[in-house]
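The values are calculated or read from the model by the stated rules, or taken from the named source; none is laboratory data. It should be emphasised that the depicted structure is a prediction, and the values quoted were computed from it without experimental measurement. Because the Cβ atoms are built from the backbone with ideal geometry, glycine has one as well, and the counts that use them run over all protein chains shown. With ligands, DNA and RNA removed, areas are computed over all heavy atoms of the protein, side chains included. Shrake-Rupley method; radii C 1.70, N 1.55, O 1.52, S 1.80 Å.
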Amino acid sequence: MMKKCFLFCIVILVNFIIQFTLLQHLKILGVIPNTALILVVCFAILQGKKDGAIIGFFLGILQDVYVGNVIGANALSYMLIGYGMGNLEKFIFKDNFLNPVFFTAIATIVYSVLFFFILYMIGYSIHIAMLFQISLFIEMIYNGVLAIFFYKLVLRFMQYLKSEAKIR
Amino acid sequence: MVVISITIILIIIIGISIGGRTRVTGIENLLGKMIVPIQKIFYKSGQAVENTLYSIFAFKKIEKENQLLKQEINNLNQQLIEATLTRNELNDLKSLSKNLNYVKSLQEYDYITASVTGMNAEDWFNIFLIDAGKKQGIVQNSIVLNGEGLIGKVLEAGDDWAKVISITDNKSSVSFEVLRNSQYIGILRGNLKGELTGYLIDPQAEVIAGDKLITSGLSNYPKGILIGEIKEVVQEEDELLKTIVVVPAVNFKKIDKVIVLTPKISKESS
């Protein structure tokens, strides 16, 4: 349990550091992949709703505190996505690598809608047409493709944790 | 049940934290201190990779740019000579105004140079993390700019780091004047597409695309900082005001060094 918490912290911190430094310079067609969201989806569909919600909350709160405009907007969106996707964990066959692609693509839209709604509620004058721009669909594809690699990584990571637990 | 209660708490926090907080908590401060130096390395290396890739793919373009820049240097050299002459004149006048005991209207600022260590460049807003904070005299709402023009203001300041929100944010507005004719003033606001939209207070004002805008000194920002260039002027038939769309002078996607203006007075009093 200790080890799991420690590893979660490292995953969250490393993702935060990479996402807002290196990745900002490596965009394709002006779109930056949202690696935090991919991680939330991967953890949720592999580990279930509890871990999904926890990792979503902490990834979000870190992003909000340092590079967000209101505290809690990302934390809320990621947590709800992690929890929602985690509910589907029992129905998912885990060796199919098309699952993360599909769920990440859906999560990208859900995240955009949630975030849009929060911005709207705090008084940004935004129009619904701005939500469904072409960049959203590029991001969907981009996130989906990256999700395969992240999924494999998280899968291996979880198998490592489980094997450690069995030896003891 | 837990999820619902956390959701409610988060919604309350969202409501409280709109518009930035004047104080950051100890944990944030500590974690910020740890993260910012690490981020700096990654940000720099990312930039290096981007620049190398860019120069490989765009060497033709760079050659053209080079020639344009050479021309501009010639122009600027001429302007420099003129400016030096006017500066001498201005110095004379300034010493005169000192002798006559004029009241100084301009608030004086200190300058701090900081590097960007991280950024969140979404479609809807731009937020930067810089490696200078309260210890260097930065406070909330300090003005941030770079060589190209106005960037924005400080949203929250920690000990050694600060969070900067750009002028393209929908919630921060800037009052401007047209460089060509300082009587034309108005207000600009981010339109969430990386541009600014605004209107001129005088509906008869004659502005055209390409006009440069500077800060007017009426709002939070001091006078005379370049904001950007008018991209288009929209005159709706059923509206009195002229709406303008402005492209910011700063390329928000490529920012490395910034200058932060901190008020001199507050530093002396502290």
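Worth pointing out:
- Modelled this way, with points 7 Å down the Cα-to-C-beta line, the labels at B:ALA83 and B:SER95 are 2.3 nm from one another.
- Short-range pairs are left out: with C-alpha atoms under 8 Å and at least six residues apart, the relative contact order of chain A is 24 percent.
- Applying both filters, DSSP loop and at most 12 other Cβ atoms within 10 Å, to the trypsin sites (Lys or Arg not before Pro) of the stretch B:1-68 gives B:ARG23.
- Looking at the stretch B:66-149, the trypsin sites (Lys or Arg not before Pro) that sit in a DSSP loop and have at most 13 other Cβ atoms within 10 Å of their own Cβ are B:LYS104.
- Quotient of Cα Rg and 2.2 N^0.38 Å for the stretch B:34-104, N being how many residues it contains: 2.03
- Extension gain (nm, one decimal) between B:ASP256 and B:ILE73, 0.36 nm per residue minus Cα-Cα: 63.6 nm
- List A:HIS25, A:HIS127, ordered by accessible area with a 1.4 Å probe, largest first: A:HIS127, A:HIS25
- The stretch B:51-86 and the stretch A:75-114 have Cα centres lying 49 Å from one another.
- Cα gyration tensor shape of chain B, rounded if a/c is under 1.5, else prolate or oblate by comparing a/b with b/c: rounded
- In degrees, nearest ten, helix B:59-99 long axis to first principal axis of chain B (Cα): 70
- Rounded to 10°, Cα long-axis angle of helix A:73-86 versus longest principal axis of chain A: 50
- Accessible area (Å², 1.4 Å probe, nearest 10) - A:CYS9: 80
- Placing +1 on the Cβ of every Lys and Arg and -1 on the Cβ of every Asp and Glu, with nothing else charged, gives the stretch B:66-186 a dipole about its Cα centre of roughly 340 debye.
- Charge dipole (the stretch B:132-270, unit charges on Cβ, about Cα centre) - positive-most of B:TYR221, B:TYR184, B:GLY198: B:TYR221
- Kirkwood Rh in Å, taken over all unlike Cα pairs in the stretch B:145-190: 12.2
- By the Stokes-Einstein formula, at 0.890 mPa s and 25 °C, the stretch A:1-134 with its Kirkwood radius over alpha-carbon pairs has D equal to 159 µm²/s.
- Measuring nothing but alpha carbons in the stretch A:74-168 and taking Rh as the Kirkwood radius, the Rg to Rh ratio lands at 1.08.
- Highest-MSF residue in chain B out of B:PHE42, B:PHE128, B:PHE59 [GNM, Cα springs under 10 Å]: B:PHE59
- For the stretch B:114-209, the pair-distance distribution built from all alpha carbon pairs, in bins 5 Å wide starting at 0, is 3, 13, 20, 20, 17, 11, 9, 5, 2, 0 percent.
- For the stretch B:163-270, a/c is not less than 1.5, where a ≥ b ≥ c are the root eigenvalues of the C-alpha gyration tensor, and a/b tops b/c. That puts it in the prolate class.
- Debye-sum result for the stretch B:1-119 in log10 I(q)/I(0), which assumes one identical scatterer on each alpha carbon, at q = 0.17, 0.19, 0.23 Å⁻¹: -1.06, -1.13, -1.31
- Pairs of C-alpha atoms in the protein assembly as shown farther apart than 38 Å represent 30 percent of all such pairs.
- Our estimate of slack between A:SER135 and A:GLN159, defined as 0.36 nm per intervening residue step minus the Cα-Cα distance, is 5.1 nm.
- On chain A, 75 percent of the accessible area sits on carbon and sulfur atoms, based on a 1.4 Å probe.
- Exposure rule at most 11 other beta-carbon atoms within 10 Å, DSSP loop GluC sites (Glu not before Pro): chain B longest free segment: B:109-235
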